[in-house]
Amino acid sequence: MNLTLKIWRQKNATSKGKFVTYKVNDISPNSSFLEMMDILNESLVTRGEDPVAFDHDCREGICGACSMYINGRPHGPDKAITTCQLHMRRFKDGDTIVIEPWRARPFPVLKDLIVDRTAFDKIIQAGGYISVNTGGIPDANAIPIPKVDADLSMDAAACIGCGACVAACKNASAMLFVSAKVSQFALLPQGRVEAAERVNNMVAEMDRLGFGNCTNTGACEAECPKEISISNIARMNREFLVAKLAAPKPRVDSGGGI
Amino acid sequence: MALKYSSITKKVIMALAGLFLISFLIVHLGINLLILKNDGRESFNMAAHFMVTNPVIQTMQWVLFGGFILHILLGIVLQLQNWMARPQRYKVEGYSHTSFFSKFMIHTGAVIFAFLIIHLVNFFFRAKFGEMPHIMINGEQYEDMGLLVIEKFRDLPYVLMYVVWLLFLGFHLDHAFHSALQSLGLNHSKYTPVAFGVSRALAILIAGGFILIPVLIFIS
């Protein structure tokens, strides 16, 4: 396959950046998208040019590193995959492929196609955990959990934090990511203890970082490589409303310490 | 004030105001359809009279104004934040599978708002502050709101303007009911598809019902 690539090139976080057109020839339809990028980079290196910087790690759809906005869609044209799972047979010989980094104010471009997704880590730090003492592994069935809840929680926990939801959203909203992280705990008894505090803090952090608001458009759900449902967003809204209206205020003087 | 609220709080207020505005549209449409009744505008004028004299309705009118203002102002605030969240746009974008009209709520909303001002000047302010024709019903004198409507809709440009306006209202409503429920946290594997259907039905029935009035008046 012979292809024309229009790739966003940006030297560093402060430089302006522009699209550069490259031709790649004799690409096997069975190669993956990232292998095609590797071939391009090898040719760039042999020509003494700077290779295109892009994030990648596991190359099996688990890590969520390979953030590329391909022809107007995060992770390209296929449903429920990451870029590394995309194959060149999805394109036609002679196609032009436009490759861009995620675009969102909280995801600044570091170089070429690499963006800084620290914003997601900050949201997790704000409440995406449960406070338990470390120790031996608890017995698996010590706390009985209905299968339905366990399944929904596991579905939410499938989120790999790739940021495709933010990239796809016309508002660069992080609602799907945050709602998955809120839901995976809110559905389980271990997570209920800090549920109100968690949703308040994570939503506040999301807003502070400058992500957009949710318009219930559904682009996030359509592009999520792990098919996280926007029903999680509704759950987060519920959790948030209940936390605001009904949850008891945490008592600072409680507990055994001071 | 609006800037300090969290994104979810803003969306919840937006949804509640929106649902209230939908209920207003249904009442408004119900009364308007009375004008198509062939009784010399009697029932329409009686209904209009009830609406301007009933104290409950008059109080609700202020709530309605509040609802409009909240919905519009929050809509603008949310949209500005959304635009700011992506300072650099994509070269190629929007190929994700999404609900179509949801992407243009601010645009359809702006069109609806612009025409709303013309609409208020034409009818609401005219009836409130302007000179009104009168009609005798059962020996009592009533303001003839119906005549005002019928005279306006004898003009083809007016009729066309209203049809276009109401089409945009329909587009806006297509992403209204189910979206409001989602914002309020009401999502259900079985009932959410129903809510989508209700949303589409409301859009077609409300916009279609309103469009019927100027078109039928113009034809007759």
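The values are calculated or read from the model by the stated rules, or taken from the named source; none is laboratory data. Values in this document were obtained by computation on a predicted structure and should not be read as measured data. Ideal geometry is used to build each Cβ from the backbone, glycine not excepted, and the neighbour counts take in all protein chains shown.
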Can you tell me which residue in the range B:1-38 is surrounded by the fewest Cβ atoms within 10 Å (Cβ to Cβ), limited to those that are of a type in the set (S, T, N, Q) and without any contact (Cβ under 8 Å) to a residue 24 or more places away in the chain?
B:Asn38
Among the residues in the range A:114-121, are any surrounded by fewer than 21 Cβ atoms within 10 Å (Cβ to Cβ) and among the aromatic types (Phe, Trp, Tyr)?
no
Being closer than 30 Å to B:Lys91 by Cβ and within 14 Å of chain B (Cβ to nearest Cβ), is that true of even one residue in the range A:197-206?
yes
Taking the range B:93-103 on its own, how many of its residues are surrounded by fewer than 17 Cβ atoms within 10 Å (Cβ to Cβ) and either more than 7 Å from every other protein chain (Cβ to nearest Cβ) or of a type in the set (A, V, I, L, M, F, W, C) (or both)?
1
What's the number of the condition B:Pro193 fails, among (1) more than 14 Å from every other protein chain (Cβ to nearest Cβ); (2) in a helix (DSSP H, G or I); (3) exposed (fewer than 15 other Cβ atoms within 10 Å of the Cβ)?
(1)
The one condition A:Ile137 fails out of (1) surrounded by fewer than 17 Cβ atoms within 10 Å (Cβ to Cβ); (2) modelled with pLDDT of 95 or more is (2)
Hey, could you check the range B:104-115 for residues that are hydrophobic (A, V, I, L, M, F, W, C) and within 14 Å of another protein chain (Cβ to nearest Cβ) and say which is surrounded by the most Cβ atoms within 10 Å (Cβ to Cβ)?
B:Met105
Got a sec? Which of B:Ser199, B:Ser220 is among the hydroxyl-bearing types (Ser, Thr, Tyr) and within 14 Å of another protein chain (Cβ to nearest Cβ)?
B:Ser199
Which pairs turn up if I take residues in the range A:203-230 that are outside the structural domain of A:Gly161 (by TED's automatic domain parsing) and at pLDDT 95 or above and look for partners that are surrounded by fewer than 22 Cβ atoms within 10 Å (Cβ to Cβ) and among the β-branched types (Val, Ile, Thr) with beta carbon separation below 6 Å, at least 6 apart in sequence or on another chain?
none
Just to be sure, is A:Glu194 modelled with pLDDT under 95 and closer than 23 Å to B:Ser6 by Cα?
yes
Is at least one residue of the range B:46-56 in contact with a strand residue (DSSP E or B) (Cβ under 7 Å, 6 or more places away or on another chain), more than 7 Å from chain A (Cβ to nearest Cβ), in contact (Cβ under 8 Å) with a residue 40 or more places away in the chain and farther than 30 Å from A:Pro101 by Cα?
yes
